[in-house]
1. Could you look through segment 295-334, keep only residues that are farther than 21 Å from THR81 by Cβ and basic (Lys, Arg), and pick out the one that is surrounded by the most Cβ atoms within 10 Å (Cβ to Cβ)?
2. Kindly establish whether GLN60 is surrounded by fewer than 15 Cβ atoms within 10 Å (Cβ to Cβ), in contact with a Lys or Arg (Cβ under 7 Å, 6 or more places away or on another chain) and either modelled with pLDDT under 90 or of a type in the set (Phe, Trp, Tyr) (or both).
3. Quickly run through segment 270-294 and pick out the residues that are surrounded by 20 or more Cβ atoms within 10 Å (Cβ to Cβ) and within 15 Å of the chain's Cα centre (by Cα).
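The values are calculated or read from the model by the stated rules, or taken from the named source; none is laboratory data. Since the model is a prediction, treat every value here as computed from it, not as a measurement. Counting neighbours? That spans all protein chains shown, and the Cβs are built from the backbone with ideal geometry, glycine included.
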Amino acid sequence: MMCRLAAWCLLLALCGSAALGDDVADRQRARRLMERVAAGGAALSDEEFEAVMAASHTDQVEVELVMVTAVVVDRRSRPLTGLTRQDFQLFDDGQLRPLAWFGEELAAPFRLVLLLDVSGSMADRSRTAAIRAALLPLMRQVRRRDRMRLVTFADRGVVVHGTWRSRPMSLLAEALAIERRGRTALADALAAAAELLAPSPLERQAIVLVSDGLDNASRLAPSEVAEAALEVEAPVYVLALGGAAREIQARRDPGNPLAGLADIARQTGGRFFLIGGEDEAAEARAAALRIRDDLRHQYRLAFRPPRDRREGSHRIEVRVGRRGARVLARRAYR
């Protein structure tokens with residue numbers, strides 16, 4: 001018995017040593033790959049990029065890569081597929097940067113945070129129908145590897161419901177059954193959702209906000225929310241429901257909360273949808289299909305910023321050399 005125990009302990013020690021050796025080798029390889037990128041060498045392959053990103057989660061390896069998710073659409077706002085690295089140019093504070101990695105995300109899993117306004121102004125039955133129509137197309141696209149999370153908000157605070165899950169219909173049923181009352185706190189909810197998404201993930205990710213836009217209980221300025229969203233590189237898609245939303249936008253005053261939300265969507269590479277016509281459910285469904293198509297046709301770009309860059313925010317511009325093409329991508333990082 002003692003011999004067997006000693007042999008088992010020796011096996012564990014050898015396995016531990018082997019694992020430690022593998023970790024050291026992985027870190028050394030990641031450093032060599034980053035040195036190659038810094039020297040302007042060949043771009044990383046998918047396998048090399050995954051190795052670098054895995055090493056970035058350790059304290060021993062510093063990985064300075066900025067990730068940019070881009071959706072390229074035509075004049076009719078339909079995603080363009082089949083683009084290559086040569087079709088893209090990325091500018092960092094006006095300077096053209098070589099791409100350290102490029103990928104077209106057609107099959108990668110996604111993480112989606114659903115932000116649902118449960119304030120009293122969203123309690124109308126027509127809102128419930130519009131919410132269901134807006135979200136059902138997205139739920140039908142969720143696969144086993146994908147993950148979703150529900151966050152609700154009103155003046156009672158921001159509530160995160162459960163953990164990441166891949167059962168979309170149960171999430172939708174839970175969202176529709178939640179009681180709606182109180183006032184709205186959009187900015188605080190967006191900041192909380194941004195914290196749920198890890199920075200620089202290999203998965204696709206996005207935040208989808210469903211609200212009537214009546215932001216009357218927030219504590220954060222829209223500029224602060226945009227900064228929070230940029231930290232996690234997540235595009236924010238806003239579905240502003242109801243006649244109240246349309247009336248607010250018509251005012252076009254400086255304090256218009258919808259103007260702030262539209263700017264957040266634009267700055268993060270998302271989209272803003274104003275839904276308040278005679279058939280809200282049909283409009284909401286069309287918007288959701290746009291979001292679904294964006295999530296299925298994302299390009300991922302990575303570049304290395306200069307070591308001597310100043311602190312603060314930096315402008316990003318992604319260009320595509322195709323006639324009539326328009327790029328949806330975040331416009332800054334820090």
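1. Among those residues, the one meeting the criterion is ARG304.
2. Numbers: surrounded by fewer than 15 Cβ atoms within 10 Å (Cβ to Cβ): yes; in contact with a Lys or Arg (Cβ under 7 Å, 6 or more places away or on another chain): yes; either modelled with pLDDT under 90 or of a type in the set (Phe, Trp, Tyr) (or both): yes.
For GLN60, the condition - surrounded by fewer than 15 Cβ atoms within 10 Å (Cβ to Cβ), in contact with a Lys or Arg (Cβ under 7 Å, 6 or more places away or on another chain) and either modelled with pLDDT under 90 or of a type in the set (Phe, Trp, Tyr) (or both) - is met.
3. GLY270, ARG271, PHE272, ILE291, ASP294, listed by residue number.
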